[in-house]
Amino acid sequence: MSIDTNAIATIIEPSLDAMGYRLVRVAAIAQRGTTLQIMVERRDETAMTVDDCAEISRSVSALLDVSDPIAGAYTLEISSPGIDRPLVRPEDYDRFAGFEARVDLARPIEGRKRFRGRLLGRAEDCIRLATEAGEARLPLADIARAKLVLTDDLLAAAQNRPVAQTH
């Protein structure tokens, strides 16, 4: 079953935005049936609650029932990104600048597909990453997967504590 996750994002994003949430990612997972995973975070950046997920589930279910973008049965799963969240939108690389990230590319640059380092934000159509070998510029279009790495700095920021900078 082919599911157009971009079309689903277009259908549900305005409603989520109006409810005070930011859509992080829409993914279709074909294991033991089809699961449509909607990853959402609160715009006020406070922690997601079970009630938030239930409210989102009701709203998204109603929207998808009307537009019917998925042929056949599926399970709807609402989740929050968690601390070591995926980096999906270009602005995520600016928003989380200063934190460590792991980036996998669809095609290699100088023989490498995997990079890890401190995010330095974006420059043109690339992200900047401070790695052990120096600064890497990775084209946004070539990023297959990227996520924050769970570090003491990230945990401190998630708990709204001052972060001890290590450079």
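Rule-based calculations on the coordinates, nothing more; no lab input. Remember, predicted model here, so these are calculated numbers, not experimental data. In this analysis, Cβ positions are derived from the backbone assuming ideal geometry, glycine residues included, and neighbour counts consider all displayed protein chains.
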Students often check this: by mean Cβ neighbours within 10 Å, which of 24-30, 128-134, 35-41 ranks highest, and how do the rest follow? 35-41, 24-30, 128-134
Over 25 Å apart: what share of the alpha carbon pairs of the chain falls there, rounded to a whole percent? 41
Taking square-rooted eigenvalues a ≥ b ≥ c of the alpha carbon gyration tensor, is region 5-79 rounded, prolate or oblate, where a/c under 1.5 means rounded and, failing that, a/b exceeding b/c means prolate? prolate
Sum of side-chain charges, THR46 neighbourhood, beta-carbon under 14 Å (Lys, Arg +1; Asp, Glu -1): -2
Would you work out the charge dipole size for the chain about its Cα centre, treating the Cβ of every Lys and Arg as +1 and the Cβ of every Asp and Glu as -1, and quote it to the nearest 20 debye? 580
Give me the net charge for the shell around ARG114: Cβ to Cβ below 9 angstrom, other residues only, Lys and Arg +1, Asp and Glu -1. +3
